[in-house]
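Visitor: There's a structure below that I have some questions on.
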Amino acid sequence: MNQTEPDFWVLEYVTITKDPRTGLVVAIGGTEQAADILQRTGGFLTSPGPRGDYHRLPHGLPIEQQRLKATTASHALLAAGHSVHLDPALNMLAAPDGDRDAAVRYLTQLAERVSTAETRSEVAEVLTEVAAPVHGLLPLTREVIVRAWISASDLHGAAPGDEPEPIARLGSTANSLSEPRPRHPARPQPHRPPGATASDRTGPDTGSGPCTVPGFPPPLTPEKKRMANLADEYGTDVEIYIKARTTTIHADTPTGAPASLHDLLEQLGLERHEYPTGEPLYVWHTVPDHLGAEEQKHLANRAIPALLLAGYTVNCDPEVFDEALYQQAVHRLRARAARPAPQQPAPASSPSRPAPARRTP
């Protein structure tokens, strides 16, 4: 028995869509019968084109009228046996949030498949759909976030590295989706000076500086410096660094950091920023820009021992950290702690008033 391929009547296929250059709704393809249906049911007009006649709706129609006429014409064509492709944006019968609802249903199905999985292969299939390199959910989500970040930066008109904090955080999210890293970053252990033991310490150690503590992340790359929030990235309480392509020293704190940490940073001379004002979603601190470069560096290094002493984990980028300035601040703190509290002098008893001398008459 000879196998034959089906015949496709390409000219009978009708595509109804909106031309992106002119904004006109056009119908391409079809037979004379299809053209008659387009004219009678949808009000389409026949116009000459470079590859033959095509059909379009009149100029100046409101969008709702365009959708109504295109939907009516497509269903009349389908009823007459024609093959039709109608642009979903022109379909009056489509649910407004149909794509979103379909995405939510898809994610719900994935969650149900994982929860009812009985074999590793079933779990692996779901994970493949989520993390497949090209068409997985994570790469596609990253693409949406990256495009949103680029569009927001362009609309704001900011140069790279000068974006407002919310846009920078959007970039940070895109960056974190593209870089694998440990799920729970190891929190660094406080460094003790050589020969010191745990019993020698009366509080968080200020040792030889946060940049030398084993377990802290390596020096920051320019890309990392541009994309905050680094405290969330590395699992520290405070990340001190110079924002890329700027001279501003930032002190990032993790999302949801306690108010006491923000207050302490302000007491140490750093400026607090919030967005939006009033009910902030994002809070960050910077060394005041009006200070000179050396003063900014002094302030940042002086803040580190106080933060460590308060029990917070701190990482300072080598570009900012200065061992001599840091040790000076440590010695000043230790001297202040060792200084005995001033004794309140006992209230002196009021001297008895001498009796007035008697005069002899």
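The values are calculated or read from the model by the stated rules, or taken from the named source; none is laboratory data. None of these values were measured; they are calculated from a predicted model. Virtual Cβ from ideal backbone geometry, glycine too; neighbours counted across all protein chains shown. Surface areas here come from the heavy atoms of the whole protein model, side chains and all, with no ligands, DNA or RNA. Shrake-Rupley method; radii C 1.70, N 1.55, O 1.52, S 1.80 Å.
Visitor: Which condition number does residue 302 fail, the rest of (1) within 25 Å of residue 256 (Cα to Cα); (2) of a type outside the set (Val, Ile, Thr); (3) touching a strand residue (DSSP E or B) at 6+ places or on another chain (Cβ under 8 Å); (4) modelled with pLDDT of 90 or more being met?
Guide: (3)
Visitor: Follow-up question, since we're still on this one. Quick one: which of 290, 273 is at pLDDT 85 or above and either out of contact with any Phe, Trp or Tyr (no Cβ under 9 Å at 6 or more places or on another chain) or part of a helix (DSSP H, G or I) (or both)? Spell out the reasoning first.
Guide: On the way: 273 fails: either out of contact with any Phe, Trp or Tyr (no Cβ under 9 Å at 6 or more places or on another chain) or part of a helix (DSSP H, G or I) (or both).
Every option except 290 fails the conditions.
Visitor: Pairs, please: C-beta under 9 Å, at least 6 apart or cross-chain, first residue closer than 11 Å to residue 239 by Cα and in region 302-326, second of a type in the set (Gly, Ala, Ser) and assigned to a loop (DSSP other than H, G, I, E, B)?
Guide: Between residues of region 302-326 that are closer than 11 Å to residue 239 by Cα and residues that are of a type in the set (Gly, Ala, Ser) and assigned to a loop (DSSP other than H, G, I, E, B), the close pairs are 304/209; 313/235; 316/209.
Condition check ((1) of a type outside the set (Asp, Glu); (2) open to solvent by 30 Å² or more (accessible area, probe 1.4 Å)) across all residues:
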position: 28; (1), (2): yes, yes
position: 36; (1), (2): no, yes
position: 39; (1), (2): yes, yes
position: 44; (1), (2): yes, no
position: 47; (1), (2): yes, no
position: 55; (1), (2): yes, no
position: 63; (1), (2): yes, yes
position: 69; (1), (2): yes, yes
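Visitor: Would you point out the residue of region 91-149, among those that are of a type in the set (S, T, N, Q) and either over 30 Å from residue 73 (Cβ atoms) or outside any loop (DSSP other than H, G, I, E, B) (or both), that is modelled with the lowest pLDDT?
Guide: Within region 91-149, the subset of a type in the set (S, T, N, Q) is 91, 108-109, 115-116, 119, 121, 128, 141.
Keeping just the survivors that are either over 30 Å from residue 73 (Cβ atoms) or outside any loop (DSSP other than H, G, I, E, B) (or both) gives 108-109, 115-116, 119, 121, 128, 141.
Values: 108: 85, 109: 86, 115: 87, 116: 88, 119: 87, 121: 83, 128: 82, 141: 79.
Here the residue is 141.
Visitor: So residue 65 passes all but one of these: (1) in a helix (DSSP H, G or I); (2) modelled with pLDDT under 90; (3) of a type outside the set (Val, Ile, Thr). Which condition number does it fail?
Guide: Here residue 65 clears every test but (2).
Visitor: Can you tell me which residues in region 276-287 are surrounded by fewer than 20 Cβ atoms within 10 Å (Cβ to Cβ), at pLDDT below 90 and under 16 Å from residue 252 (Cα atoms)? Give the steps one after another, and end with the answer.
Guide: Looking only at region 276-287, we keep the residues that are surrounded by fewer than 20 Cβ atoms within 10 Å (Cβ to Cβ), and these are 276-282, 286.
Those left that are additionally at pLDDT below 90: 276-282.
Passing the criteria: 280, 281, 282.
Visitor: Does region 312-335 contain at least one residue that is at pLDDT 90 or above and open to solvent by 70 Å² or more (accessible area, probe 1.4 Å)?
Guide: No, because not a single residue in region 312-335 is at pLDDT 90 or above and open to solvent by 70 Å² or more (accessible area, probe 1.4 Å).
Visitor: Of the conditions (1) part of a helix (DSSP H, G or I); (2) open to solvent by 50 Å² or more (accessible area, probe 1.4 Å), residue 85 clears all except one; give me its number.
Guide: So residue 85 meets the others, but not (1).
Visitor: Let me ask something else about it. Considering only residues of region 245-274 that are under 19 Å from the mean Cα position of the chain (by Cα) and open to solvent by less than 10 Å² (accessible area, probe 1.4 Å), which is farthest from residue 297 (Cα to Cα)?
Guide: Of everything passing the filter in region 245-274, 253 is farthest from residue 297 (Cα to Cα).
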